[in-house]
1. Residue 345 versus residue 95, label points 7 Å from Cα toward the beta carbon: distance in nm?
2. If I take R0 = 30 Å and measure r between the Cβ atoms of residue 123 and residue 218 in this structure, what FRET efficiency does the formula 1/(1 + (r/R0)^6) give, to the nearest 0.05?
3. If you average the C-alpha positions of segment 175-228 and of segment 94-118 separately, how far apart do those two centres end up, in angstrom?
4. Using only the Cα atoms of segment 53-182, what semi-axes does the equivalent ellipsoid have when each is the square root of 5 times a gyration tensor eigenvalue? Give whole Å, largest first.
5. Between residue 180 and residue 150, what length comes free when the chain is fully extended (0.36 nm per residue of separation minus the Cα-Cα distance, one decimal in nm)?
6. Taking the convex hull of the alpha carbon atoms in segment 137-213, what volume per residue do you get, in Å³?
7. Which peptide among 369-378, 87-96 comes first, and what is the full order, when sorted by highest mean count of other Cβ atoms within 10 Å?
8. With the crude spin-label approximation of a point 7 Å out along Cα→Cβ, what separation in nm comes out for residue 61 versus residue 201?
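Every number here is computed from the coordinates shown, using simple stated rules; none is lab data. Since the structure is predicted, the reported quantities are computational estimates derived from the model, not experimental observations. Here the Cβ positions follow ideal geometry from the backbone for every residue, glycine too, while neighbour counts run over all protein chains shown.
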């Protein structure tokens, strides 16, 4: 049976495909794909290569034992602090990276549904839908790097990589370097001068291997139904035989891309803010230990704080006391409140700030008011930052 690999474009891009028959690989473009679809394309196995820019890929701190205890439907909640998209709307997959970390990959459910809809009740076999970053070969010694037009592709290990605009590549590379310093980088084809300069500046600490331009087809053997990040799992598992007639119905798929714009925006910046999140968590633990000096061991910060909040609630402290102090602080600055919720765990504040430093200033001022303040998330929002903070009375 022949194989057809279709690389789905990002918004405004061009379709690309490869028809694989035995050892022969024929590159296809829009007109070629249309011709194949018009003939029915029966008895063809189809693999979709989904734009990585439409996916969220994030590392989370969770042990293998904890992963075994998480229901597959609840994996999305591991991303709750890393995206503003409601996690209930995400289709998520995960794979352990180490004994203490896992990689979670997500795509908007509505977009995923639109991708597979044209193949239902047809006669071809839909094999897999995998993020296209996995077309870039994994470098066992370090990173793989490639610039394809206006896109920069970076694959850091067997499971994790990103595809981003080349204009923002240097900022992400610097952040990635601090997170995981490689000793070896494989560069495919030509890359912009500024990236060459960046690699050269690393000196003897980094070995750069220059390789010819990438032949996408060489990675097809790794893009199979058994790929750990094949989105055709769970509720999106499909078993179809199809005629691919009506190929232009694919155009309707990308109406759903508008719902994933923020998701893609978050994905390209999660890596940059990961260090900020780690620093904030460390500061939270330090603050907690200063507030409760008799409780030096921090096993689960959130649960321990919730325990203290519950004790304070029992003592009669609640919304009015916390909200009054928060209101005094917000009235004294330029922050814009977007949402305010209160439950047994305290007050949840969603606020817009000009920058991360402004958000940190807000957190510090709330702390000075005698409130325990935890930064849950900080994401780019237009020209500023949207942050979510958990606030409660100090013990």
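1. Result for the modelled spin labels: 3.0 nm.
2. Values: r = 29 Å, r/R0 = 0.98.
So, using R0 = 30 Å, E works out to roughly 0.55.
3. So the two Cα centres are separated by 24 Å.
4. Values: eigenvalues 126, 93, 43 Å².
Equivalent ellipsoid semi-axes, largest first: 25, 22, 15 Å.
5. Details: separation 30, 0.36 × 30 = 10.80 nm, distance 2.47 nm.
Length gained, residue 180 through residue 150: 8.3 nm.
6. Working: hull volume 6.3 nm³, N = 77.
Once divided by residue count, the hull of segment 137-213 is 82 Å³.
7. Values: 369-378: 19.4, 87-96: 17.8.
Descending mean neighbour count gives 369-378, 87-96.
8. 3.0 nm
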